[in-house]
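Just so it is clear, none of the values below were taken in a lab; they were calculated from the coordinates. As the structure is a computational prediction, the values presented were derived from the model and not from experiment. Using ideal geometry, Cβ is built from the backbone for each residue, glycine included, and neighbour counts are taken over all protein chains shown.
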Amino acid sequence: MLNAFKIHIEEQCSFLKNSRLVIAISGGIDSVVLAHLCHKLNFNFALAHCNFNLRGTESDADEDFVLDLGEQLDVEVFVQNFDTEAYAEENKCSIQMAARELRYDWFSELAKQLKFDYILTAHHADDNLETFLINFTRGTGLNGLTGIPALNDNIARPLLPFSREMIEDYAKSEKIKWREDGSNSSRKYLRNKLRHEVVPILKEINPQLLGSFQNTLQHLNDTADIVEESLNAVAKRAITHMDENHITFKISEFKKVNNPKAYLFEMFKDYGFSEWNDVVNLLDAETGKYVASNTHKLTKHREFLILTSCHTKRWSLSVAEVSRSIEVQKGKVKTPIGILFFDEADALKNNSRTTIFVDKEKLKYPLELRPWQTGDVFYPLGLKGKKKVSKYLKDEKLTPIEKENTWVLTSENTIVWVVGRRADERFKVTDQTNQTLKIELK
C-alpha cells in the first residue's frame, strides 16, 4: 500500500509534499495508518486530536495513545477537550453533529493560527460508499451522490482511493497499533448499520463493488460538471444584480429552459428552501408573493425573483456610545447597515435622507436600531398626523428588497428616524431646543 499511496500522492496530491500539514487523528486505524504513511514519505506534519469526553476512561486512553504516537513519530501533537454533550444540548443537535462541528471548527482555527496549509482526514473508499448510501436513503440531489471531495478548501483526503481492507492489511503487515472505538460496532447509528449489515451484502453480490462504485462516482462527477456548466450559463443570463444584501434574477430566463424546476432547485438549494413546487409557482405569481426558509426569502417582484437573507437583528446604542461618538468629533458607531455619526450641531441645516437634526433632550437611551416591523407607526417630518411605516414605504414605491433593508432608529420604542428615508416630527428641532444632535448615516 505504501507504494500505491506514494504514486497517488505524486499523481493527484503533489501539493501536499511541500506543505505544512495537520492530520486529524482519533487513534483509530484509519488516521493512525495515514500518520504512518505520511511519516514514511517524510511529510511535514503535526497531529490534532479531539477528546470529546463521551466514553469516560476510553476517551482519555485515546488521548494518551495519540500523545505516545506523536513521540514515536517525533511530531508535534495538539489536543483539545470538548464538553460535547453540553454543546449538543445548547445547539439542539445530535451528539454526532455536535462532534463534527466542534472538530472542524477547531481544526480550521488551528490551521489558521499556526499557518498549516492543509488539514488531512483519513476518509477512505468505504467511507465514501457509506456516505453515498446515507444520502441516497435520505433523498438528495446530484451533488449528494458525487461522493466525498478529495479536496475541499484546505481539507484534503489522500486515502479516498483505498479500501478499509487495504488499510487493515497494511496496519497488520507493518505491526501498527491502533485504538478500537467500541461505538463503531453499535447498530444505532445509520452509518454503522449500513457498514455492518448492508455493505457486506452488496459486496457479496458484487465482490468488485468498490471498483464499480468508483467508476459510478466518476460518471456522476462528469455529469455534475455538465450540470454546473449549464447552470452557470443560465445564471449568467438570469442574474441582473448582485450585492451583499440580495440577488435579482430575471424570471424569463427560467421560463426559457425545458425544466424550470430543476434549474430552480440547483440555483436555490443551498438557501434552505424545501417547498419546490411553491418556488416554481413564484414564476407566475403576483408581485409580492414569496417563499421563505429559515435563512432566506425568495420574493416575486414584477418580472424578477429577488433572493434576500432573513434579518432579525437589533442594534442597541447606549448614551455612552453616542456621547463617546460626539466627544471624539464626528466619532462613529458601526452598525449592520452602515456607520452612524453623532455630533452636536451649532447650526440647524435641512434634513436629508442620510442626515437628520433632532432635539437631543427628547431622546431616551438606549437608542435601538432594528428592521422595521408590521405595525410600526411614525409621524413623517413636515406632515400632519401619523402614518404606518408599511404605507409610507409603499407610497415611496420601494422595491421589496428596499423595503426588506429599511431600518428604524427608535427611542423607547418611538421611531426617531426611518433611516435613510425620513425623520420623525416628534423629535424635530424647534425654537425651544437647547441642544441639537446631528445624526448621519454613511
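Counting every other Cβ atom within 10 Å of each residue's Cβ, HIS219, HIS124, HIS296 order from fewest to most as HIS219, HIS296, HIS124. For the range 213-308, the relative contact order is 23 percent, taking Cα pairs closer than 8 Å that sit 6 or more residues apart in sequence and dividing their mean separation by the residue count. Taking only alpha carbon atoms, the range 40-148 gives an Rg to Rh ratio of 1.01, where Rh is the Kirkwood radius. Taken over the chain, the percentage of Cα pairs per 20 Å bin, counting from 0 up to the bin with the maximum distance, is 19, 37, 31, 12, 1. Based on every Cα atom in the range 2-205, Rg and the maximum pairwise Cα distance Dmax equal 16.9, 48 Å.
Projected over every direction and averaged, the convex hull enclosing the alpha-carbon atoms of the range 239-309 yields 4.3 nm².
Among CYS50, CYS310, the order by Cβ neighbours within 10 angstrom, fewest to most, reads CYS310, CYS50. Based on Cα contacts under 8 Å between residues 6+ apart, the range 1-107 shows a relative contact order of 23 percent. Each of LEU67, LEU21 was scored by other Cβ atoms within 10 Å of its Cβ. Arranged with the fewest first, they read LEU67, LEU21.
DSSP finds beta bridges in the chain, and of those with both partners inside it, around 75 percent are antiparallel.
Spatial offset of the range 195-214 relative to the range 222-250 amounts to 38 Å, using the alpha carbon center of each. Amide H contacts of PHE45 (H built 1.01 Å from N, in plane; Pro and chain starts excluded): LEU21 sit under 5 Å, all sequence-distant by 5 or more or on other chains. Using C-alpha pairs below 8 Å separated by at least 6 residues, the relative contact order for the range 2-205 is 23 percent.
Rg and Dmax of the range 315-441, based on Cα coordinates, read 13.9, 40 Å.
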